[in-house]
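The values are calculated or read from the model by the stated rules, or taken from the named source; none is laboratory data. Computed from a predicted model, the values in this text were never measured in an experiment. Cβ coordinates were reconstructed from backbone atoms using ideal geometry, including for glycine residues, and neighbour counts include every protein chain displayed.
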Amino acid sequence: MGTTTGVSDKIGGASAGGRAWRSRNFMVIWLVNFLFTVVFLLLMIVMAKVATDRFGVSPAVAGLSASMFILGSFAVRPFLAPRIHQIGQVRILYIGTKTRS
């Protein structure tokens with residue numbers, strides 16, 4: 001019973017023996033996801049603060065609007081992801097940056 005190394009033994013260029021988290025690809029993907037999460041959380045904090053300061057709403061309404069934004073963004077992601085892959089991720093990024101400015 002010899003050992004074979006095949007595609008199933010490799011995960012992301014690292015062996016399946018627990019070194020996958022040390023690969024460069026994993027670390028880059030982890031860092032990007034972490035930064036996206038931090039930006040998303042900061043957006044929620046700023047959105048509630050702007051709602052209370054600029055628009056004069058109560059903290060409860062500001063918290064409700066932030067909660068609705070979070071729930072809406074999580075609910076839409078499974079349906080939007082296939083469409084983004086159809087259009088193309090780079091094209092979506094370009095459209096987002098052009099419509100924002």
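Structure summary
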| quantity | calculated |
| --- | --- |
| Subset tally (residues that are modelled with pLDDT under 90, outside any helix (DSSP H, G or I) and either closer than 25 Å to residue 65 by Cβ or polar (S, T, N, Q) (or both)) for segment 1-54 | 5 |
| Segment 27-54, residues that are polar (S, T, N, Q) and surrounded by 12 or more Cβ atoms within 10 Å (Cβ to Cβ) | 52 |
| Members of segment 73-95 found to be exposed (fewer than 10 other Cβ atoms within 10 Å of the Cβ) and either in contact with a helix residue (DSSP H, G or I) (Cβ under 6 Å, 6 or more places away or on another chain) or closer than 17 Å to residue 39 by Cα (or both), listed by number | 74 |
| Of residues in segment 60-72 being surrounded by fewer than 12 Cβ atoms within 10 Å (Cβ to Cβ) and either among the small types (Gly, Ala, Ser) or over 15 Å from the mean Cα position of the chain (by Cα) (or both), the one nearest to residue 44 (Cα to Cα) | 68 |
